[in-house]
Amino acid sequence: MISKRVSIAASFITVGLLTSASPRVINAQSNNFTSFTDIAGKHIVYVSSDSHVHQLQCIANCSLATNWINQDLTALSGGPATASSLSSRVFSFSDQAGEHVFWTDALSGHVNHLFFNGSWINTDLGVQTETSQNAITGYSNVGGERLFYVTADSHVHVLTSTASAQLASNGASWVDTDITAQTGGALAGNTDFSQSSFSDSLGEHLFYSGVDGHVHQLYGHWESICVNIFGQRICFGPFFIWNNQDLTATTGGPVVGAALTSFSDSLGEHVFYVGQDDHVHQLFLNGGGWVDQDLSLQAGTYNSGIVLASFSDSFGEHVQYVGTWDAHLHQLWHNGTTVGPWVDQDLTTLGNGLPIPSSCLESLTSFSDLSGEYVFYFPGDDIHLLNSSPGSGWSDQPLLASQPDNLPYCWID
């Protein structure tokens, strides 16, 4: 396991540019956010209303809005603009090879890779997602880089590379594998925001919503194949093998309503999703078997929104969501020990933040590092940061007040 120190609708109020007289929201789709932290600073990446991929980067003292710099990665790389900022998706991480930003074109479905190792370079990876369900996710581990996506036939694919191949090719060298064909697993269903992944000491994990509405895990690990030949046991390998597991069938949990997020920590492996009962559920594995837990019921909360973000740190386990009853950003928090219930925290109230209109629900990302906990969201006026530093409470601030032309896109009629 990854080790950690155990402990871990825009019509009712003025919301930035949206007021009580704002037009009716008819579509809840917008671009999503992605974020990461590395030795070069803290990063939040998104598709702007100019159809370019932008990055907000902060090197130090990131609780101050003035220390965040906006960079147009599309312009810096000379890459193409997205065909539409609506429903174009982004995902990112950093590793020893450099910084990686992946984005999908909402119309063509092409997957592009923005790679930074001194300068930004954009490469069309030559593969296509299913354009109406074009979520992407991935990670980097000692074996290299992974990016998961879904094709038009609803198969889950993985693009793999290594740090050395990335450096040698400026981020252009990848190998594609159809994991669904390899495992015979369930076809992907509504994968828009219904994929999440991580790597830990037990193997590699992709979680997705199948056409059956179940949460499935594609579990990759090294395994030797052994046979008996003339009374002798002979083993070949090890080989890297993917398996498909139906976690909903295993646990008896509800089918997926929306959203998946996940992480691994010292307590075990965690998958969070919104069920068709509109509750936030956790699928949890801690060395025994997978179990389903209704976190909304535990915390005594109401129905949740359609998108989740999460992380684990020394202060516990954290799952952020938007409450459908108050449009506030909430956090389900657990103290990171084997005892103690999940508690609901209203971060909008605690940090004096803004409600999030239903058109912007998909713009949510978070992470934690030694300097504190960071939750980014877009309530319609600016990108906002809800930040809690060690020993202090939550505070909210806009990050883009001086740069209104580089805002994310919310779909409002």
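None of the figures in this text is laboratory data; all of them are computed from the coordinates on show. Here the structure is a predicted model, which means the values were calculated and not measured. In this analysis, Cβ positions are derived from the backbone assuming ideal geometry, glycine residues included, and neighbour counts consider all displayed protein chains.
The table that follows gives values for the structure above.
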| quantity | calculated |
| --- | --- |
| Long-range amide H partners of Asp95 with built H, under 5 Å | His100 |
| FRET E, pair Thr337, Asp277, Förster distance 22 Å, beta-carbon r, rounded to 0.05 | 0.20 |
| Distance in nm between pseudo-label sites at Ser224 and Asp124 (7 Å out along the Cβ direction from Cα) | 4.6 nm |
| Label point distance in nm, Gln245-Asp369, each placed 7 Å from Cα along Cα→Cβ | 3.2 nm |
| Cβ crowding within 10 Å averaged over residues, with 325-338, 45-58 ranked highest first | 45-58, 325-338 |
| Against the rule of thumb 2.2 N^0.38 Å, how large the Cα Rg of segment 220-271 comes out | 1.79 |
| Estimated vicinal HN-Hα couplings, Hz - segment 171-186 in sequence order (Karplus 6.51, -1.76, 1.60; Gly, Pro = x) | x, 9, 9, 9, 10, 9, 10, 8, 6, 4, 5, 5, 9, x, x, 5 |
| Cα-based Rg and Dmax for segment 291-377, where Dmax is the largest Cα-Cα distance (Å) | 12.7, 37 |
| Length added when fully stretched, Ala152-Asn286, from 0.36 nm per residue minus Cα-Cα | 44.7 nm |
| Hydrodynamic radius by Kirkwood, which averages 1/r over all alpha carbon pairs of the chain, in angstrom | 21.7 Å |
| Estimated FRET transfer efficiency (Ala81, Arg233; beta-carbon r; R0 51 Å; 0.05) | 0.30 |
| Protection proxy ranking of 294-306, 374-386, 117-129 - average other beta-carbon atoms within 10 Å, highest first | 374-386, 294-306, 117-129 |
| Highest to lowest packing among 167-178, 268-279, scored as the average C-beta count within 10 Å | 268-279, 167-178 |
| Potential lengthening between Ser63 and Asp38 on full extension [0.36 nm per residue; Cα-Cα distance subtracted] | 7.4 nm |
